[in-house]
Amino acid sequence: MAKAKRKFVCQRCGTVSGRWQGQCDDCGEWNSIVEEAAETVFSAKHDLQGGGRAITLIGLDSKVELPARTSTGIAEFDRALGGGIVPGSATLIGGDPGIGKSTLLLQAAARVASRGLTVAYISGEEASDQVRLRAQRLGLGNAPVQLASATSVRDILTTLSDGVPPALLIIDSIQTMHSDLIEGAPGTVSQVRASSQELIKFAKQRGTALILVGHVTKDGSIAGPRVLEHMVDTVLAFEGERSHQYRILRAIKNRFGGTDEIGVFSMVAEGLEEVANPSALFLTNRDETVTGATVFPALEGTRPVLVEIQALVVRLSSGATPRRAVVGWDSGRLAMILAVLEARCGLSFSTCEVYLNVAGGYRLSDPAADLAVAAALMSALSERPVPADVVLFGEIALSSEIRPVSHTPLRLRESAKLGFNRAFVPASGADGVKGISVSGFRTLAQLVDQMLGRG
């Protein structure tokens, strides 16, 4: 009898090798390779062109109805999902420990169950009494949610298959589940993959909406095999800093909707509260003008969010090495803006320390923030405040040209609604909207000349 081959699997990326080594060749992670039992290899020696079951082929022009959605009762959660939960879908939610994943899902489960739908909440990390105590603290103690503490996928599916399947099944978390068909401890690549496959298969066959909670690694990516994100229909990332009260639920993948929507929540004593006006979280008191502060209308999907960008420039004595520190923005993009200001606009930051912060812990990736960042840096360097009723947005090229950005009217309307009277935008997008005066600039040097009063 042939000896079973040894198999070593990287617990981060899932790469399989025939020997142990300290560092994974594919992802570069150290001490992540673990020996696992070799899977049984089936060698098909017969012709696979016959003996199977015929499948039905349909054309692309066949009419299909949009999937019916079930509201979670939390508008911000529904927004991130694309309008609600689709029956038979599989959703994966990842986020840092303590960010509020279990709290949000318990609140959603209680609201769905209160409308007469069957909801099963399976916790593999907490005992049932612990979950019940948290529900009582959140004021959800009377919600008709079916609760259990289990880690065996076979036990869970055996229980749920007996009778009418639940409309919503929540697994908290997938890294604690294990299948007795696969050898290995819970949380290993093979166990996560096998457990997910069985749970998703059950959800597709029985029409149950499945939500899986996933752990994250130290770099913020979802732990386990990368194939897990391909297996599910929707991947949501729960973002935020524990030192701040806001939380953002962002769709990374969504087969039933767009990936450009976010849900904004605020952590309070009663759990997570929806934030109908996210701009109120990220704007500080604007009664007094302060140097180095500008307002940027960011765009998250179809929702504009006004955030404050703060800059501080500190002049150093001769010979000292200046420092550049950024919170909430790309440090490489800050270096580019500083280079354009020096090379094209005649401003010198070479002997200054530069600190940039996006207020409220918000994280910006929109290139339209370039103009607001440049204005904040100019204001901090010259100690001339930007008027409090002005918003700025536009992308800056290396030639100092201010390039147009998308959804200009939407950004302007939101700014006018929140009381801002003027906007500094690219010249090509200077068509204003009612309630706000628009000034267009072709190059960054033109904006510098106006702000500094240069002729």
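In table form, for the structure just shown:
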item	result
Residue count for the range 284-299, restricted to those that are open to solvent by 20 Å² or more (accessible area, probe 1.4 Å) and at pLDDT 75 or above	3
Filter result for P87 (modelled with pLDDT under 90 and not hydroxyl-bearing (S, T, Y))	no
Only one of S428, S350 that is part of a helix (DSSP H, G or I) and of a type in the set (G, A, S)	S428
Qualifying residue in the range 261-282 (condition: modelled with pLDDT of 90 or more and of a type in the set (S, T, N, Q))	no
Residue among G98, G116 that alone is free of Cβ contacts under 8 Å to residues at least 60 places away in the same chain and on the phi > 0 side of the Ramachandran plot	G116
The range 90-109, subset among the β-branched types (V, I, T) and under 16 Å from the mean Cα position of the chain (by Cα), residue modelled with the lowest pLDDT	I99
Residues satisfying the stated conditions in the range 372-425, i.e. among the aliphatic types (A, V, I, L, M), in a strand (DSSP E or B) and closer than 13 Å to F296 by Cα	V390, V391, L392, A423, V425
Cβ pairs under 9 Å, 6+ apart, first in the range 163-177 and over 9 Å from V213 (Cβ atoms), second of a type in the set (D, E)	T176/E125; M177/E198
Some residue of the range 445-453 being in contact with a strand residue (DSSP E or B) (Cβ under 8 Å, 6 or more places away or on another chain), at pLDDT below 95, in a loop (DSSP other than H, G, I, E, B) and not hydrophobic (A, V, I, L, M, F, W, C)	no
Output for the range 353-371, where each listed residue is over 17 Å from the mean Cα position of the chain (by Cα) and in a helix (DSSP H, G or I)	A359, P367, A368, A369, D370, L371
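The values are calculated or read from the model by the stated rules, or taken from the named source; none is laboratory data. Keep in mind the model is a prediction, meaning the values are calculated, not measured. Because the Cβ atoms are built from the backbone with ideal geometry, glycine has one as well, and the counts that use them run over all protein chains shown. Calculation scope for accessible area: heavy atoms of the full protein, side chains included, ligands and nucleic acids excluded. Shrake-Rupley method; radii C 1.70, N 1.55, O 1.52, S 1.80 Å.
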